[in-house]
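First the structure, in the form of structure tokens, and then the observations on it.
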Amino acid sequence: FVTNCSGGSMKWITATSLGQWAETAQAKNNFPGLVGDLIRASAPHISAYRFPTGDKGQVRGFDGNLLAQEAPPFVPGGESIWEFGVTKDYEGKANDDFNSRVETVDAATRATTTFVFVTPQTWNKGNKKITDWLQDKRDLNEWKAVEFIDGSMLESWLDKHPAVAARYAREVLKTAPPT
């Protein structure tokens, strides 16, 4: 946040700016770093962490692996795999990643692992809510739990961690003045 001339505060990163950033070439490689930094700022204890970013942001395998103590509402407790999608077809990407991971991860591992999909896009489908997607996937009982974090939720998460927000606003999204 930054204080404006009238004494109020103004956000450097909003759901709208995240959605606009998602359209850039750099978003695909840098988005895992943003989420990873938010996880590290949120979780009180992390036992295992792998979130390749930058020029390694597109390596094969899961976009992120985490073993952490729960930090509600965004970091699930225990083991979790994270998948990211920056495109406007976030629902299609989430479905593809969900189905692909069900096929490649054995049932015993899935029973103790949370599947998390994250997008900087804000869920905006008139006929289907984010809660509908979640319920559909949870009803399949393929994972210990299923979570979906969109741009609006990311904005709230960034609000809780202003140091992470400031870094990405200045260095990546370019929505804040340089220091």
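Computed values, structure above
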| quantity | calculated |
| --- | --- |
| Approximate spin-label separation ARG167-ASP96, in nm, with each point projected 7 Å along Cα-to-Cβ | 3.0 |
| Cβ-based net charge around ILE46, under 14 Å, with every Lys or Arg adding one and every Asp or Glu removing one | -1 |
| Among 42-49, 24-31, the order from most to least packed when residues are scored by Cβ within 10 Å on average | 24-31, 42-49 |
| Exposure ranking of LEU67, LEU134 by accessible area [1.4 Å probe, largest first] | LEU67, LEU134 |
| Angle between the chain longest axis and helix 130-139 axis [Cα atoms, degrees, rounded to 10] | 20 |
| 0 to 90° range, to nearest 10: angle between helix 151-160 axis and the chain longest Cα axis | 60 |
| Residue-normalised accessible area of the chain, given per residue in Å² at a 1.4 Å probe | 51 |
| The chain: angle of helix 162-171 to the longest principal axis, Cα-based, in degrees nearest 10 | 80 |
| Helix-only [θ]222 nm of the chain, DSSP H runs n ≥ 4, -39500 (n - 2.57) each, per residue, nearest 500 | -12500 deg cm²/dmol |
| Of all DSSP beta bridges in the chain, antiparallel share, percent nearest 5 | 55 |
| Percent carbon-and-sulfur accessible area, the chain, ignoring ligands, DNA and RNA, probe 1.4 Å | 49 |
| Fluctuation leader among THR112, THR14, THR104 - the chain, Gaussian network, Cα springs under 10 angstrom | THR104 |
| Nearby lysines by direct alpha-carbon distance to LYS174 (threshold 23 angstrom, same-chain neighbours under 8 apart not counted) | LYS11, LYS28, LYS56, LYS88, LYS160 |
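The values are calculated or read from the model by the stated rules, or taken from the named source; none is laboratory data. From a predicted model like this one, the values you see are computed outputs, not experimental measurements. With ideal geometry, Cβ positions are generated from the backbone for all residues, glycine too; neighbour counts draw on all protein chains shown. Ligands, DNA and RNA are excluded from the accessible area calculation, which covers all protein heavy atoms including side chains. Shrake-Rupley method; radii C 1.70, N 1.55, O 1.52, S 1.80 Å.
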